[in-house]
Amino acid sequence: MVFRLDTLWSKITLVCLLPLLWVMIDITFDNLGPDPIQTLHIRLGDWAMRFLWLTLLVTPVQTITKWRGMAVYRQMLGLYAFFYATLHIMVYLLVDHGLMWQIIAVDILESSYIWFGLIAYLIIIALAISSPKWAKKRMGKQWKKLHQLIYIASLAVIIHYYWQLKGNMAEPLFYLIIISLLLVFRVALWFKNRKFTKMMIPTTRRIKVVSVAKVLNPELSIDLQGPVLKELIIQEVEPD
Amino acid sequence: MIIKKTKAIPSSEITDPLLFKHRRQIIKGMVGTLLTGAGVTSVLANDNKPDWVDLPKADVLSQSLTVTPAEIVKNHTNYYEFTFNKTDATNLAQNLPTDPWSVEISGEVEKPGVYHLEDLLSQQSIQEYIYRFRCVEAWSMVVPWVGFPLASLLKMVKPLSSAQFVKFTAIYDPNVMPNQKVNAMLEWPYVEGLRIDEAMHPLTILAVGMYGESMPKQNGAPLRLVVPWKYGFKSIKAIVKIELMKRAPITTWNKFSPNDYGFYSNVNPDVPHPRWSQNSERQLGSRFFTPRRQTELFNGYGNDVASLYSDMDLRHFF
């Protein structure tokens, strides 16, 4: 495949690599401050987290704008979260500890904030490995279940961030608000869908509503998404 | 290990530090008077030239340490009164007026009072103390402090036998300290404390400078505590009040989170912080891929201070 700059895909790829380029420039020009290793931890960790949020953002954006076909970008953003998280861990093991395994082991055992980071990373590895299309096909329903672990990972990441601070919570609070909004959106959607499922249970009243909807929109049985769903709910709320 | 011991220079040979510090001012003043016939006042600002040259090294040190570059120490301070950002503190702290400065000494002492800093300093012999400074955040640096033993100040004001603890209070100036103004996080002013035997220990110093210069504002000018075997937050900056107490004072971090930050806060690799390990530390100024340093009990000053805690369970009194 020839790499073409004019496709959206390649543009996004380049943008996703900018944070790394920026870090490399700062390393080259010794621009990371008095504690460069800590700065690296924070910078790479931040970007891993931001890409995780962007990944979570795809579905809400898709639902709101009704713009389909973003799944490929969701996969890509997720893989960048994995990419930056991997760099974050490499810096911890190599740059910070020089692979002194004994000190690393004690550090991990005694630092609960690291446990949460590890949980998040293990999940993200699993998601990255199972992200290709063929894996998705092969796993069937299990795929979705596995990939719902991203919610656990994102919460673990927040705790990982909070736990290592001596006290100042302003910045992680900002991220906490973002993740909360993203999760609330999904919970709301889940409730909305549950309502919809309930309507599928054949009670007399509901059947009536559905049939009304069917009269209004004969394609109902084929396409149960989008505006039809809205219509159904509105009609259900209306008194008979 | 190289054991370096410098012979203490007799105090008669040491130039009065204040006289030395203000030598340029004095000379400029004299020149000014000569040229214009009028006295020139306050010609000396912080001109970044050494304020002390060839300071005697305190002979309290048994280990040879590699000093961390000054630029790192000057731009990496936790000064929460100004900001939670270690580098931003450098600029913000410049707003703190430190001259003139006085220190109130009160409580269980024979000679309580408000002392001008200059008067306190004129009675002390200033020396250089090269100490490892270990932060509770698991990083460390080696700083050549300029100061004098806290004990010699306390002896001057004569503690009563009822004095069991020493309480230190830092400046409260919300007009220049943004986090005091908005009451952010900790209770202000910052308070720290030591047991009287810790305070009288020869390793415990009050510092007025570092790297041969007067203390940068972000590092706690004009007067700060340095207790090398305890986590850095015990070494309170910009002290305005020293009280000798019968009972242990309530200290700032301990009050904020008693399970995380004990009153003693002795450096101890075997007692982790509830959320992170204290087993190793990142040495600031070390290169990439350099392993962390194994943290030592009492920050390596165990030979000198372990006896203070011989009958104590260090896990309980952390």
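Before moving on, here are some points about what is shown:
- Ranked list, fewest to most other Cβ atoms within 10 Å of each Cβ, for A:F185, B:F165: A:F185, B:F165
- Phi to ³J(HN,Hα) by Karplus 6.51 cos²θ - 1.76 cosθ + 1.60 over the stretch A:89-101, Hz, x for Gly, Pro: 6, 4, 4, 4, 6, 8, 6, 7, 10, x, 6, 7, 4
- Derived scalar couplings between HN and Hα for the stretch B:302-318 equal x, 4, 8, 10, 4, 5, 5, 10, 4, 9, 10, 7, 5, 6, 7, 8, 8 Hz in order, rounded to whole Hz, by the Karplus curve 6.51 cos²θ - 1.76 cosθ + 1.60 (θ = phi - 60°), x for Gly and Pro.
- The Cα atoms of the stretch B:138-253 define a convex hull whose projected area, averaged across directions, is 7.7 nm².
- Between the stretch B:57-102 and the stretch A:33-105, the C-alpha centres lie 33 angstrom from each other.
- Cα-based convex hull volume of the stretch B:48-147 per residue, rounded to whole Å³: 178
- For B:S214, the residues 5 or more places off, or on other chains, whose built amide H falls under 5 Å of its own are B:D51.
- For the listed peptides A:136-146, A:150-160, A:121-131, a ranking on the average number of other beta carbons within 10 Å per residue, highest first, reads A:150-160, A:121-131, A:136-146.
- Exercise: per-residue mean of other protein chain Cβ atoms within 10 Å, A:159-165: 2
- Amide hydrogen proximity for B:M245: with H placed 1.01 Å from N in the peptide plane, the residues at 5 or more positions away or on another chain lying under 5 Å are B:E108, B:Q164, B:F165, B:V166, B:K167.
- By the Kirkwood approach, averaging reciprocal distances over each pair of separate Cα atoms, the stretch B:73-219 gets a hydrodynamic radius of 16.7 Å.
- Projected onto their three principal axes, the Cα atoms of the stretch B:63-309 cover extents of 53, 42, 36 Å, largest first.
- Length-normalised contact order of the stretch A:8-190 in % [C-alpha pairs under 8 Å, at least 6 apart]: 21
- Peptides B:101-108, B:219-226, B:167-174, A:57-64 ranked from most to least packed by the mean count of surrounding Cβ atoms within 10 Å: B:219-226, B:167-174, B:101-108, A:57-64.
- Structure note, pairs B:K111/B:K230; B:K158/B:K246; A:K11/A:K192; A:K166/B:K155: Cα-Cα distances above 25 angstrom occur for B:K111/B:K230; A:K11/A:K192; A:K166/B:K155.
- Neighbouring Cβ atoms from other chains, within 10 Å of the Cβ of residues in A:111-123, number 2 on average.
- Per-residue Cβ neighbour rank within 10 angstrom, fewest leading, B:H316, B:H76: B:H316, B:H76
- For the stretch A:8-190, diffusion coefficient by Stokes-Einstein and Kirkwood Rh (Cα), 4 °C, 1.567 mPa s, µm²/s: 74
Any read-out appearing in this document is the output of simple, stated calculations on the displayed coordinates, not a laboratory observation. What you see is a predicted model, and the numbers here were worked out from it, not measured in a lab. With ideal geometry, Cβ positions are generated from the backbone for all residues, glycine too; neighbour counts draw on all protein chains shown.
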